1. So with the 1.4 Å probe, I'd like the accessible area per residue for region 248-310, rounded to whole Å².
2. Using the per-residue mean of other Cβ atoms lying within 10 Å as a proxy for protection, in what order, highest first, do the peptides 116-124, 163-171 fall?
3. Mind checking which lysines have their Cα closer than 25 Å to the Cα of LYS100? Skip sequence neighbours fewer than 8 apart in that chain.
4. Tell me, in nm to one decimal, what length is gained between ALA217 and ASP320 on full extension, where the rule is 0.36 nm per residue of separation less the Cα-Cα distance?
5. If I compute solvent accessible area with a 1.4 Å probe over the protein chains, what percent of it on region 204-265 is carbon and sulfur?
6. Normalized C-alpha radius of gyration of region 124-176, against 2.2 N^0.38 Å?
7. Please report Rg over Rh for region 51-180, where both radii come from the alpha carbon positions and Rh follows the Kirkwood definition.
8. Keeping all protein chains in place and using 1.4 angstrom, which order do VAL88, VAL270 fall into by accessible surface area, from largest down?
Amino acid sequence: MRSTRPAVPQISRILVDGEPLPVRSASTADDGFRHLFIPSTGEYPVYDEAAYQFMLNDRVRSQTYERAVAAAAPGQTVLDIGTGQDAVWAIHSARAGARKVYAVERIPEAAEKARRTVAEAGFADVIEVVEGESMSLELPEPIDVSISEIIGTIGGSEGAAAVLDDVRRRLLRPGGLAVPHHSVTTIAAVDLWRVVDVAKIGFEAQLLHYVENIFGAVGKPFDVRVCLNSLREAAAVSEWGEVEYLDYQGVDNERGSDHRTLTVTREGAVHGLALGLRLTVTPQLQVIDSIAQYTSWLPVFAPLFSEGVPVRPGDRIELDFSWQPSSDGIHPDYRITGEIRRSAGAPVAFRWDSPHHDAPFRAGDFYRYLFPESF
Ligand SMILES: C[S@@+](CC[C@H](N)C(=O)[O-])C[C@H]1O[C@@H](n2cnc3c(N)ncnc32)[C@H](O)[C@@H]1O
């Protein structure tokens, strides 16, 4: 039987601006990325063939959106925001009987492919593919329905709040419909050693090119957000809370803060926080939960304590979760601050800063380990 456990990560290299940068990685061809970290990619313009395919293969996501589009599009003028290379929701809208579909995509190669795909599907008369950023899109008529899947591993991390706010203010007719309906980010304290081996912290080697591409897009290396597919119930030592409620039927979601208290439910050590997504595509459809279900949205790990802070059931984690637009005006910067209050031990304060691109590099133990100074 083949082992699903990864080899011990080795120090390999990626190129940043032509210079080699050391990075710890190993390869696990067959374990669904459960034991090694992968970068959170959706908030950067690094989508490639494989990334689009990974999303299309997500049956939970695809089936939910297919149903939502079939209900919302007939007879309507639709805007598909971030149509991707396959123009998937634009074509579904046209098939469902949309009167007109505008499909906007900011990545030029993806927009070009989308245009070809639309023509091949025989919908060039109904679907107009526009290359560019929705924030600078002008349309000849108000739209009835906006359809988008620009929801991040942290709900708002791909800029859905700012982008859909702009669409509602400028492009959607009054009373028009936004799909998805709303998203929520979920959060729990995790004991990393319940699901990964301390000696095997590293990136998944097969996906290292995304780290390279993200650093290339931002123009420098930084402490990129990381995902780990095994950060689910088995890793949690606290209950799950909900933060960052984003209502896509409304406006003014771009900044906010939430205070939450998470009660510790298991004995263990807190190494950080897991962040997940609950997405309500339409209120009639089942909520997609990236922690309870295996989807293309992977759980995010916010590292806090490399040694782990011992906790017992009944201890409390007080936290403040906040988000605000980064300097690009679209993608949020996140911050979590808080304190672990324990029955046996002094309170321990923590802080996680995760700016979208204006971020430090090797700011804590976790990132210094992932990105060693030398080979
Ligand atoms: C998560 S992918 C979804 C692709 C496709 N709609 C699907 O659901 O399979 C998000 C896509 O939206 C694009 N995108 C994100 N924000 C955008 C914006 N504000 N304007 C245009 N394209 C955007 C990205 O480049 C990417 O291709």
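1. Details: 2600 Å² over 63 residues.
Each residue of region 248-310 exposes 41 Å² on average to a 1.4 Å probe.
2. 163-171, 116-124
3. Correct list for LYS100: LYS113.
4. Here the answer is 34.1 nm.
5. In region 204-265, the share of accessible area belonging to carbon and sulfur is 47 percent.
6. Normalised by 2.2 N^0.38 Å, the Cα Rg of region 124-176 equals 1.21.
7. 0.92
8. In descending accessible area the options line up as VAL88, VAL270.
The values are calculated or read from the model by the stated rules, or taken from the named source; none is laboratory data. The structure presented is a predicted model; accordingly, all values stated were derived computationally and were not measured. Please note: Cβ atoms are built from the backbone with ideal geometry, for glycine as well, and neighbour counts cover all protein chains shown. We work out accessible area using only protein heavy atoms, side chains counted, and drop any ligands, DNA or RNA first. Shrake-Rupley method; radii C 1.70, N 1.55, O 1.52, S 1.80 Å.
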